[in-house]
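In what follows, a single structure is set out as structure tokens and then discussed.
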Amino acid sequence: MLDVKKIRLILELREAGISDTKILSAIEKIPREKFIPENFRNQAYDNLALPIGDNQTISQPFVVAKMTQLLEIHQNHKILEIGTGSGYQSAILSKLARRVYTIERIKNLLIKAEKVFEDLKISNIVAKYADGNLGWKEQIPFDRIIITAATNKISKEISSQIHEGGIIVSPMVNNNKQIIIKYTKINNVLKSEIFDDVLFVPNLSGTE
Ligand code: SAH
């Protein structure tokens, strides 16, 4: 049953403009149901955000695919993710890049996500419990940064930890709406391009 739904989801993503076959194949390979609480598993391949506990959500597959596509990942890239949540987005990135560094501010979620990475034998994700807006200075510079919580402003730490030519993709709060913005660092300045409207949980400071 999940397999039929998975094929339907992949077709839906293709129709919605996800043309990168590596991303579609990562979505096919990573079992999204493992990142979702049992009572929602029958909806794992619906194109929906779902609750993961602690008032947080796993993002909608289309949004995961779209943000991943905007990142233009190469297999030798080192990626930073802010907002591990369920770990699903990190797992998708782990199939496309050399290494993924992911930061989560809610300890309980981080522990659960790390357990799923272990179960799936994913060994190129490094996760830590911290406020992601501070970045991960021991691992700089990053080729790509993805923020998966609605952000008001890219912190100075984040903008300084991305490589020249690197890309940051984040949902940004804009007049009571949220939009995906892709920033490219050119001559040390972030140039922005606007994409889809989205709905993410907020990016919060500190840890809990
Ligand atoms: N990428 C996740 C999306 C989870 S929702 C997934 O695939 O499931 C966003 C997550 O960002 C939540 O778990 C929330 O706790 C976390 N978050 C919000 N602000 C953060 C911050 N400043 N640093 C680290 N994590 C943050």
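The numbers here are math on the coordinates, done by the rules we state, and not lab data. All values derive from a computational prediction rather than experimental measurement. Positions of Cβ are generated from backbone atoms using ideal geometry, with glycine treated the same way; all protein chains shown enter the neighbour counts.
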The number of residues in segment 60-75 that are free of Cβ contacts under 8 Å to residues at least 40 places away in the same chain and over 22 Å from Ile106 (Cα atoms) is 1
The correct count of residues that are of a type outside the set (A, V, I, L, M, F, W, C) and in contact with a strand residue (DSSP E or B) (Cβ under 6 Å, 6 or more places away or on another chain) in segment 85-97 is 5
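Every residue, every condition in (1) assigned to a helix (DSSP H, G or I); (2) within 14 Å of the ligand (Cβ to nearest atom); (3) touching a Gly at 6+ places or on another chain (Cβ under 7 Å), yes or no:
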residue: Asn133; (1), (2), (3): yes, yes, no
residue: Ile154; (1), (2), (3): no, yes, no
residue: Glu157; (1), (2), (3): yes, yes, yes
residue: Val169; (1), (2), (3): no, yes, no
residue: Met172; (1), (2), (3): no, yes, no
Picking from Ile162, Ile146, Ile168, Ile180, the residue that is under 17 Å from the mean Cα position of the chain (by Cα) and over 24 Å from Thr57 (Cβ atoms) would be Ile162
Quick count over segment 105-116, residues being touching a residue at least 24 places away in the same chain (Cβ under 8 Å) and either surrounded by fewer than 17 Cβ atoms within 10 Å (Cβ to Cβ) or in contact with a strand residue (DSSP E or B) (Cβ under 6 Å, 6 or more places away or on another chain) (or both), is 4
Taking segment 49-59 and the residues there that are more than 8 Å from the ligand (Cβ to nearest atom) and in contact (Cβ under 8 Å) with a residue 40 or more places away in the chain, the one that is nearest to Asn203 (Cα to Cα) would be Asn55
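Quick grid of which residues meet (1) of a type in the set (Val, Ile, Thr); (2) buried (at least 23 other Cβ atoms within 10 Å of the Cβ):
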| position | (1), (2) |
| --- | --- |
| Pro37 | no, no |
| Gly87 | no, yes |
| Val100 | yes, yes |
| Glu118 | no, no |
| Ile122 | yes, no |
| Ala127 | no, no |
| Leu134 | no, no |
The condition of being in contact (Cβ under 8 Å) with a residue 60 or more places away in the chain and assigned to a strand (DSSP E or B) holds, among Phe200, Phe195, only for Phe195
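Would you check which residues across segment 82-95 are in contact with an Asp or Glu (Cβ under 9 Å, 6 or more places away or on another chain) and either on the phi < 0 side of the Ramachandran plot or more than 12 Å from the ligand (Cβ to nearest atom) (or both) and list them?
To start, the set of residues in segment 82-95 that are in contact with an Asp or Glu (Cβ under 9 Å, 6 or more places away or on another chain) comprises 82-85, 87, 89-90, 93.
Answer for segment 82-95, where residues must be in contact with an Asp or Glu (Cβ under 9 Å, 6 or more places away or on another chain) and either on the phi < 0 side of the Ramachandran plot or more than 12 Å from the ligand (Cβ to nearest atom) (or both): Ile82, Thr84, Gln89, Ser90, Leu93.
Can Pro31 be described as within 13 Å of the ligand (Cβ to nearest atom) and either within 13 Å of the chain's Cα centre (by Cα) or not polar (S, T, N, Q) (or both)?
Numbers: within 13 Å of the ligand (Cβ to nearest atom): no; either within 13 Å of the chain's Cα centre (by Cα) or not polar (S, T, N, Q) (or both): yes.
No: the conditions fail for Pro31.
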